[in-house]
Amino acid sequence: MKLYKTELGQTAFKERSPLFSSRQRSTFILFDGRKTVAEVLAATAGMGMTQVDVDHMLNQGFLALQAGAAPLESAPMPLDLESSPAELRSNEPPRSEQQRYFDAKPIATQLTASLGLRGFMLNLSVEGAAGYQELLKLLPKIQAAVGAKASRKLERALLD
């Protein structure tokens with residue numbers, strides 16, 4: 001399967017959207033419509049890039065299937081960041097730590113980016129969080145910085 005960058009993806013990339021993790025940003029560059037997903041994942045395996053990251057970029061509309069390529073076996077459902085993670089998975093099994101991280105990272109990035117300069121260091125910590133446990137450790141700091149009400153969605157994404 002070959003994917004290419006969409007206009008939405010290129011705009012989000014240029015605007016440093018919080019919906020891109022740092023490794024997704026680095027990998028996004030490689031999607032040119034000529035390389036297969038397997039080739040891109042093999043080239044970025046050392047960074048920890050996985051199919052989950054590619055699916056996220058597809059769900060966000062940042063990448064699209066190259067014309068004439070084989071269709072996806074099951075088209076991913078678009079993510080609705082306004083719904084709670086529990087609403088998104090009503091009858092699904094419990095989420096793995098990787099999935100919790102995947103759900104929570106864009107929310108944490110958006111919250112800390114909204115703090116401006118006073119949240120700069122916290123935002124850098126969120127961007128550098130490489131996994132669920134690291135992001136979970138930052139939750140109390142984020143809650144203190146943005147308030148309990150504003151951080152509820154992040155808390156649900158990490159803990160529900």
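Go over the candidates Leu30, Leu79 one by one and state the one that is at pLDDT 80 or above, surrounded by fewer than 18 Cβ atoms within 10 Å (Cβ to Cβ), of a type in the set (A, V, I, L, M) and assigned to a loop (DSSP other than H, G, I, E, B). Within the list Leu30, Leu79, the selection yields Leu30. Taking the criterion of being of a type in the set (S, T, N, Q), closer than 17 Å to Ala64 by Cβ and in a helix (DSSP H, G or I), the residues of segment 2-27 that qualify are Gln10, Thr11, Gln24, Thr27. No other residue among Leu58, Leu88, Leu72 is modelled with pLDDT of 85 or more and surrounded by 11 or more Cβ atoms within 10 Å (Cβ to Cβ) apart from Leu58. Give me the residue from segment 33-55 that is more than 12 Å from the chain's Cα centre (by Cα), part of a helix (DSSP H, G or I) and of a type in the set (Val, Ile, Thr) and, out of that set, surrounded by the most Cβ atoms within 10 Å (Cβ to Cβ). Residue satisfying both the conditions and the ranking: Val40. Note on segment 126-146: among residues that are among the small types (Gly, Ala, Ser) and at pLDDT 90 or above, the one that is surrounded by the fewest Cβ atoms within 10 Å (Cβ to Cβ) is Ala144.
Within segment 96-109, the set of residues being surrounded by 18 or more Cβ atoms within 10 Å (Cβ to Cβ) and either modelled with pLDDT under 70 or not β-branched (Val, Ile, Thr) (or both) comprises Arg100, Tyr101, Phe102, Asp103, Ala104, Lys105, Pro106, Ala108. Per the listing Lys2, Lys35, the residue uniquely at pLDDT 85 or above, more than 30 Å from Glu155 (Cα to Cα) and touching a strand residue (DSSP E or B) at 6+ places or on another chain (Cβ under 6 Å) is Lys2. Here is the figure for segment 104-152: residues that are farther than 25 Å from Met49 by Cα and either assigned to a helix (DSSP H, G or I) or touching a strand residue (DSSP E or B) at 6+ places or on another chain (Cβ under 6 Å) (or both) total 13.
The values are calculated or read from the model by the stated rules, or taken from the named source; none is laboratory data. Since the model is a prediction, treat every value here as computed from it, not as a measurement. When we count neighbours, we look across all protein chains shown, and the Cβ atoms used for this are built from the backbone with ideal geometry, even at glycine.
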